[in-house]
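Working notes, structure below.
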C-alpha cells in the first residue's frame, strides 16, 4: 500500500497519475466522504465551497512524518484502508495532498500539486494541493495551520515552486 519516493517532482506526478486513474469504487468512496461538506446553498466549485470542504476534511487527517525519514506515498487504497481502520489518514504532506486531490477531484474540482522550496534551501521541502477555479490557481493545504486558499507560509519565504495541474 506504499510506494517509496524521493524526488518531489516524481511524487507530484505520481499523485496526479493516481487522480487520473482513480477507479469507480475508489471514486465513490472519496466522493461519499467529501459530498456532505459541499455547501448546498451555493454554486459548486467556488472558493467559498472549498472553505466548507476544508472544515470537513480536516477531521480525516493526522499529520505524521514518514518512518525513519524514508519518503513514502500511500496509494488510494492505502488511504481508504487508514480511514476505514482508524477513522482518519495517517500520513505526511504527500499523502495528505493525494487525499485532498482525490476528494476534490471526485466532486468536480480541477486539482493539482504544488511543490515549494523555502529560504533558498536548494530542495523542495513541501507539497500541497492546488485547485483551479476560473483560471486562478488556489492553494488547498490541509497540512498547514493556515486556512486553505492561503499559502502555507509567507510568500516571501517561498523561493521556488512548481505547479502540476491535472489535464483532462
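One line per residue, one yes/no per condition, for (1) part of a strand (DSSP E or B); (2) within 24 Å of residue 7 (Cα to Cα); (3) under 14 Å from the mean Cα position of the chain (by Cα):
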position: 113; (1), (2), (3): yes, yes, yes
position: 122; (1), (2), (3): no, yes, no
position: 131; (1), (2), (3): yes, yes, yes
position: 138; (1), (2), (3): yes, yes, yes
position: 153; (1), (2), (3): no, yes, no
position: 162; (1), (2), (3): yes, yes, no
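Taking the listed residues 20, 74, 40, the one that is at negative phi and surrounded by 15 or more Cβ atoms within 10 Å (Cβ to Cβ) is 74, with no other qualifying.
Among the residues examined, residue 56 does not qualify as modelled with pLDDT of 90 or more, within 21 Å of residue 12 (Cβ to Cβ), assigned to a helix (DSSP H, G or I) and in contact with a helix residue (DSSP H, G or I) (Cβ under 9 Å, 6 or more places away or on another chain).
A search for C-beta distances below 9 Å between a residue of segment 148-168 that is on the phi > 0 side of the Ramachandran plot and any residue that is at pLDDT below 95 and surrounded by fewer than 16 Cβ atoms within 10 Å (Cβ to Cβ), counting only pairs 6+ apart in sequence or on different chains, returns 149/47; 149/51. Could you check segment 79-108 and list, in sequence order, the residues that are in a helix (DSSP H, G or I) and surrounded by fewer than 19 Cβ atoms within 10 Å (Cβ to Cβ)? 81, 83, 84, 85, 86 - these are the residues of segment 79-108 that are in a helix (DSSP H, G or I) and surrounded by fewer than 19 Cβ atoms within 10 Å (Cβ to Cβ). Tell me whether segment 41-50 contains one or more residues that are in a helix (DSSP H, G or I), without any contact (Cβ under 8 Å) to a residue 24 or more places away in the chain and closer than 20 Å to residue 88 by Cβ. Checking segment 41-50: not a single residue is in a helix (DSSP H, G or I), without any contact (Cβ under 8 Å) to a residue 24 or more places away in the chain and closer than 20 Å to residue 88 by Cβ.
For segment 109-132, the criterion of being over 24 Å from residue 154 (Cα atoms) and crowded, with 21+ Cβ neighbours inside 10 Å is met by at least one residue. Evaluated against (1) over 14 Å from the mean Cα position of the chain (by Cα); (2) surrounded by fewer than 18 Cβ atoms within 10 Å (Cβ to Cβ), residue 63 falls short on exactly one condition, (1). What about residue 28, is it at pLDDT 95 or above and in contact with a strand residue (DSSP E or B) (Cβ under 9 Å, 6 or more places away or on another chain)? For residue 28, the condition - at pLDDT 95 or above and in contact with a strand residue (DSSP E or B) (Cβ under 9 Å, 6 or more places away or on another chain) - is not met.
The values are calculated or read from the model by the stated rules, or taken from the named source; none is laboratory data. As the structure is a computational prediction, the values presented were derived from the model and not from experiment. A quick note on method: Cβ atoms are made from the backbone with ideal geometry, for glycine too, and the neighbour counts reach across all protein chains shown.
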